[in-house]
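Student: Please see the structure below; I have some questions.
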Amino acid sequence: MPNSSKACRHIGGLIAIALSAALLHAADLSAQPDFGSERRIGDLLVFSDHEEANRFYYAPGKLRLAERHGAPDVLFLLTRYVGTAARGDQGETSYFARLTFGIEMDGPSGESIRAAARRISVESGEEPEVRPLPIRRLEAQVVFTPIGTDAAPDTLEEGHFEADRESERALKDGFWQRRTYSLRLDRYSAEAVWKTLQDDRALVSFTYAFIAEGVPGGSGSGDARFSSTSDEDLGELEASAGQDREPGGTVPPTTALDERSVLADAFAVELDRARHADLIVVHDLNERYVDPAYSVLDVRCYDFRNGLRPDLWMKRVELAAQAVNGRTARVVVTFRASEPDLHAQSVRFPYAVRMDQPLRYRVVEVALDGSRKMSDWREKESWVGLIDVTSSPDDSRAAAASQVKDDDS
């Protein structure tokens, strides 16, 4: 077993989950929030638009750990392999693990949005257009703190968000309401977390920041007329709400947009083996099959997240494995241009499948014009690791050249 310092060296790595285009909804290319106009109205953080004087944006709510049936929505799945004489690796033990937890967005509520709209209407004398703030990406890091030991906290490796299975792509006032965060641990970090859990409990901290794109502060479209409005002024404003008001002055065209964090926070995820033993599961690869409730494999596609394939509408990955009953178990993983933030998915088969048999998969691309392209079946001998179906540089260049040709025609 490696010592703690060696394990810690392999745990490190800052997560920067760059969710290109829009994290929460389809990208609004016309949106130009003015960062210099930031103000809080009740529970909402609100920005005005740089060019449209009567358009406003509200920021997303804070994230929190979800619960399921009164317990934290957390699962630590340890996959363990013990060497055998038949395979020539007797005495060797390998660990891999997956940490999964549900995340919910706390607000913004419909009433908070309506209250903010009413206040802006009173101030401006017009009915405002209030939209959710387009989010460019979400940056996050997960830090493991081994309670009860002398080891220092360490940043775990990259994880990913998935649409919640029970509320698939559900929106709440323009933002998603619930998602699942899945983090795959390598053999060193998995062993370190497992050892800590055997002794007592482990603490994981999830730190995140919503990044938006907008006009740098101080160049707003006249919203400074509202920035110092106090509650005491509302009565006078209501009395004159029906009067005509001059809009903010003319605004020069935007030449550059900046990125900034509009919300940053953190929450703790505690793993306590004594209190929540059912949330900590050990699965032995020596059993030669994997239960359908658990996932030991990830499929990733960065085409939409990184804007590599503007010609694609959807990419589908079909996977097939031999079930324990001898039949073929199939599952389909789908990535869409409309959801660039969902660039990775954990694979769960509907039946228990044999891990001593190869996994087969093929990729189906569906273009914006409706045409389809299907690859041949490929085999993956090892179930450990991931499948990356991101387009090759040649495919990306060909797609870009085709897009330019279409635009010119």
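Student: Out of the residues in segment 197-230 meeting the condition of being assigned to a helix (DSSP H, G or I) and out of contact with any strand residue (DSSP E or B) (no Cβ under 7 Å at 6 or more places or on another chain), tell me which one is modelled with the lowest pLDDT. Show your work before the answer.
Tutor: Narrowing segment 197-230 to residues assigned to a helix (DSSP H, G or I): 197-199, 224-227.
Filter once more, so that each one left must be out of contact with any strand residue (DSSP E or B) (no Cβ under 7 Å at 6 or more places or on another chain): 198-199, 224-226.
Details: 198: 77, 199: 73, 224: 38, 225: 34, 226: 39.
The qualifying residue modelled with the lowest pLDDT is 225.
Student: Please determine, by comparing only the residues of segment 378-409 that are hydroxyl-bearing (Ser, Thr, Tyr) and surrounded by 13 or more Cβ atoms within 10 Å (Cβ to Cβ), which one is modelled with the lowest pLDDT. Before you say what the answer is, go through the steps one by one.
Tutor: Within segment 378-409, the subset hydroxyl-bearing (Ser, Thr, Tyr) is 382, 390-392, 396, 402, 409.
Cutting the leftovers down to surrounded by 13 or more Cβ atoms within 10 Å (Cβ to Cβ) gives us 390-391, 396, 402.
Details: 390: 95, 391: 93, 396: 72, 402: 63.
Checked segment 378-409; the qualifying residue modelled with the lowest pLDDT is 402.
Student: Please identify the pairs in which a residue from segment 105-128 that is closer than 28 Å to residue 208 by Cα has its Cβ atom under 6 Å from the Cβ atom of a residue that is surrounded by fewer than 19 Cβ atoms within 10 Å (Cβ to Cβ) and not acidic (Asp, Glu), counting only partners at least 6 apart or on another chain.
Tutor: Close Cβ pairs satisfying both conditions: 105/177; 106/62; 106/64; 112/42; 115/42.
Student: Let me ask something additional. Would a scan of segment 26-40 turn up a residue that is modelled with pLDDT under 50 and among the hydrophobic types (A, V, I, L, M, F, W, C)?
Tutor: Narrowing segment 26-40 to residues modelled with pLDDT under 50: 26-27.
Filter once more, keeping what is among the hydrophobic types (A, V, I, L, M, F, W, C): 26-27.
Within segment 26-40, one or more residues are modelled with pLDDT under 50 and among the hydrophobic types (A, V, I, L, M, F, W, C).
Student: Would it be correct to say that residue 56 is at pLDDT 85 or above, more than 17 Å from the chain's Cα centre (by Cα), under 30 Å from residue 215 (Cβ atoms) and part of a strand (DSSP E or B)? It would help to see each step written out before you state the result.
Tutor: Values: at pLDDT 85 or above: yes; more than 17 Å from the chain's Cα centre (by Cα): yes; under 30 Å from residue 215 (Cβ atoms): yes; part of a strand (DSSP E or B): yes.
Judged against the criteria, residue 56 is a match.
Student: All but one of (1) out of contact with any helix residue (DSSP H, G or I) (no Cβ under 8 Å at 6 or more places or on another chain); (2) buried (at least 21 other Cβ atoms within 10 Å of the Cβ) hold for residue 96, so report the exception by its number.
Tutor: (1)
Student: What's the number of the condition residue 135 fails, among (1) hydrophobic (A, V, I, L, M, F, W, C); (2) buried (at least 21 other Cβ atoms within 10 Å of the Cβ); (3) without any contact (Cβ under 8 Å) to a residue 60 or more places away in the chain?
Tutor: Here residue 135 clears every test but (3).
Student: Among 282, 262, 296, which is the only one that is within 28 Å of residue 206 (Cα to Cα), assigned to a strand (DSSP E or B) and modelled with pLDDT under 80?
Tutor: Working: 262 fails: modelled with pLDDT under 80; 296 fails: assigned to a strand (DSSP E or B).
Sole residue among the options that is within 28 Å of residue 206 (Cα to Cα), assigned to a strand (DSSP E or B) and modelled with pLDDT under 80: 282.
Student: Scanning segment 316-340 for residues that are in contact with a Ser or Thr (Cβ under 8 Å, 6 or more places away or on another chain) and over 16 Å from residue 386 (Cβ atoms), which turns out surrounded by the most Cβ atoms within 10 Å (Cβ to Cβ)?
Tutor: First, pick out the residues of segment 316-340 that are in contact with a Ser or Thr (Cβ under 8 Å, 6 or more places away or on another chain): 316-317, 320-322, 340.
Narrowing the set further to residues that are over 16 Å from residue 386 (Cβ atoms) leaves 316, 320, 322, 340.
Numbers: 316: 18, 320: 17, 322: 19, 340: 23.
Ranking the qualifying residues of segment 316-340, first place goes to 340.
Student: Give, as residue ranges, the strands (runs of 3 or more DSSP E) completely inside segment 102-176 that count at least 3 residues that are at pLDDT below 90, more than 15 Å from residue 59 (Cα to Cα) and out of contact with any Asp or Glu (no Cβ under 6 Å at 6 or more places or on another chain). Steps first, please.
Tutor: On the way: elements: 129-132, 135-146, 159-163.
Hits in segment 102-176: 135-146, 159-163.
Student: So, in segment 305-334, how many residues would count as being without any contact (Cβ under 8 Å) to a residue 40 or more places away in the chain and outside any loop (DSSP other than H, G, I, E, B)? Give the derivation first.
Tutor: So in segment 305-334, the residues without any contact (Cβ under 8 Å) to a residue 40 or more places away in the chain come out as 321-334.
Narrowing the set further to residues that are outside any loop (DSSP other than H, G, I, E, B) leaves 321-323, 328-334.
So the answer is 10.
The values are calculated or read from the model by the stated rules, or taken from the named source; none is laboratory data. Please read all numbers here as calculations on a predicted model, not as lab measurements. With ideal geometry, Cβ positions are generated from the backbone for all residues, glycine too; neighbour counts draw on all protein chains shown.
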